[in-house]
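Q: Structure in structure tokens, see below.
Each value in this text was obtained by applying a stated rule to the coordinates, not by laboratory testing. None of these values were measured; they are calculated from a predicted model. Ideal geometry is used to build each Cβ from the backbone, glycine not excepted, and the neighbour counts take in all protein chains shown.
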């Protein structure tokens, strides 16, 4: 009995541990190729296209959990995606999402594609994203919604399998963090109303469920998308405080008053 409880405790501890970035990129790359992963990516891409098409600038950064780019719909020319380790025959740069080798205020848009669900320090990831983002730039966050059927399956999922081992942070909590970082929330949308089941029958029914969920804008989709804008801090110039000078006293000269008196008298005699 004691050994059984110890095994259960070990399994529960392992369930809460997040995978390493190297293992995460490899596992998520394989999961995106599954029927359920492809259906989820299709829903996310469809929802992102109108938003990304209206974001302009010179540099676009994606912080993700795989090498799959979600920035294709953006008209921005320079798109950047980091990977956690070097791989032969690949040209993607290597960096840590929580310690970006970029200058502050250097990119026009940042897309966080489920990276917030798998980071051990959410505040650090958001602060790093806010640091490299230019004032007035756009921050797009895609995350798993705990208030969905996918979130319910996570509660009853025992094994460490992708993506059920993600953190599933509520969108309201993420919005509170963004407001503390001086971001204004432009909009929050939901998508991916498909059931978290691998069976072909349920995957094929995803378009019909997506149409119903989109029509009623139900906040129970598997994924939420938050679009925020980095606010520009107003700069108020500090004016020097000059000492107040006394007002000059205006006094008419005596000679001028004397010259006017004879003229007034002359006018009076002529009249």
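Q: Semi-axes of the range 2-230's equivalent ellipsoid from the Cα gyration tensor, sqrt of 5 times each eigenvalue, largest first, rounded to whole Å?
A: Whole-Å semi-axes of the equivalent ellipsoid: 28, 22, 18.
Q: Taking 25 Å as R0, compute the FRET efficiency from the Cβ-Cβ separation of residue 33 and residue 85 and round it to 0.05. Present the calculation step by step, with values, prior to reporting the outcome.
A: Numbers: r = 20 Å, r/R0 = 0.80.
Approximately 0.80, to the nearest 0.05.
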